[in-house]
Amino acid sequence: MPLHHTARLQSLSFNKMLPNLITLLALSAGLTSIRYGLRGEFGHAVIAIFFAAVFDGIDGRVARMLQSTSKFGAELDSLSDVVSFGVAPAVLLYMWSMSSAGGIGWAICVLFALCMALRLARFNTMLGEPDLPSYAHNYFVGTPAPAAAFLGVLPMVMSFEFEGGMFSSPWLVGPYMLGVSFLMVSRIPTYSMKRFRIPTRWVLPFMIGIGLLATFLVTEPWSTLGIVGLIYLGSIPFARSSFLRLEKRARTGNPNETSGGNHTNPEDPEQGIQQVTDRPLH
């Protein structure tokens, strides 16, 4: 190895390492959820996946803030997402419900993990594609990885709140997992909150609502998460409808109606329905 490469590795700053360390925390949380599942502590397993989603949401932002983006970090994040949001939920759901369905149950869980890997691989290849119109900047293609993991374990969350075995039945969980797997690899637009802007008059009510949400997450976590998951599922048809409406307006040549007042930077890799990826570019 050339001497200058050795010196560069020996002088690597903590700022360069911090985003990758956060990604490793996300990966550790995902793996820990599997450990909880093996012990039958499925509530703790869901919480571990939640922490993995939190770490996944901040590592890219930290990398961009510290100007420490790297290809190594991007690849590490993709691998972390596959494990934390693909493999971990699939294993949990198999141990919790789908094992009673035999080989078919295992095949459905494997399909869930494979769809997560395919989704991330597809978006990795889209990074170099040209920018899309401004109306597409507020949408993902399909369901993003953390949201898909949350939707996958939603029947488990609901079972924590409601007694009875309906939500743990493989006859319900199996078709539901197939639907979430389809959403991951589909091209159905879903809302992205990264560029979401709140009118000034709604800032205070929005902050109060977030405070109430945090309170309910502490006092009634499972019912609150269940309601949030159902609201997200219900928003998908509206996201598709609004995207198609904006796309139709763009074809008529009225740019003022399609911009939505959201002036974005075409060089930002987070923007665009095809450029908004599941992983931070660090």
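The values are calculated or read from the model by the stated rules, or taken from the named source; none is laboratory data. What you see is a predicted model, and the numbers here were worked out from it, not measured in a lab. Neighbour counts are summed over all protein chains in view; Cβ atoms, including those assigned to glycine, are modelled from backbone coordinates with ideal geometry. SASA here: full protein model, heavy atoms, side chains in, ligands and nucleic acids out. Shrake-Rupley method; radii C 1.70, N 1.55, O 1.52, S 1.80 Å.
Matching residues to (1) surrounded by fewer than 21 Cβ atoms within 10 Å (Cβ to Cβ); (2) at pLDDT 95 or above; (3) under 25 Å from residue 183 (Cβ atoms):
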residue: 31; (1), (2), (3): yes, yes, yes
residue: 64; (1), (2), (3): yes, no, no
residue: 89; (1), (2), (3): no, yes, yes
residue: 94; (1), (2), (3): no, yes, yes
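In summary, residue 184 fulfils each of the numbered conditions (1) outside any helix (DSSP H, G or I); (2) in contact with a Cys (Cβ under 6 Å, 6 or more places away or on another chain) with the single exception of condition (1). Just one of (1) open to solvent by 20 Å² or more (accessible area, probe 1.4 Å); (2) assigned to a helix (DSSP H, G or I); (3) modelled with pLDDT under 95 fails for residue 40. It is (2). Scanning segment 162-178 for residues that are within 22 Å of residue 224 (Cα to Cα) and under 18 Å from the mean Cα position of the chain (by Cα) turns up 176, 177. Checking residue 111 against (1) in a helix (DSSP H, G or I); (2) under 19 Å from residue 52 (Cβ atoms); (3) modelled with pLDDT of 85 or more, only one condition comes out false. Which one? The failed condition is (2). Filtered by the rule that a residue be open to solvent by less than 40 Å² (accessible area, probe 1.4 Å) and without any contact (Cβ under 8 Å) to a residue 24 or more places away in the chain, segment 168-198 gives a lone residue, 179. Pairs are defined by a Cβ separation below 7 Å, a sequence spacing of at least 6 or placement on different chains, a first member in segment 64-80 that is farther than 14 Å from residue 22 by Cβ, and a second member that is outside any helix (DSSP H, G or I); the pairs so defined are 78/279.
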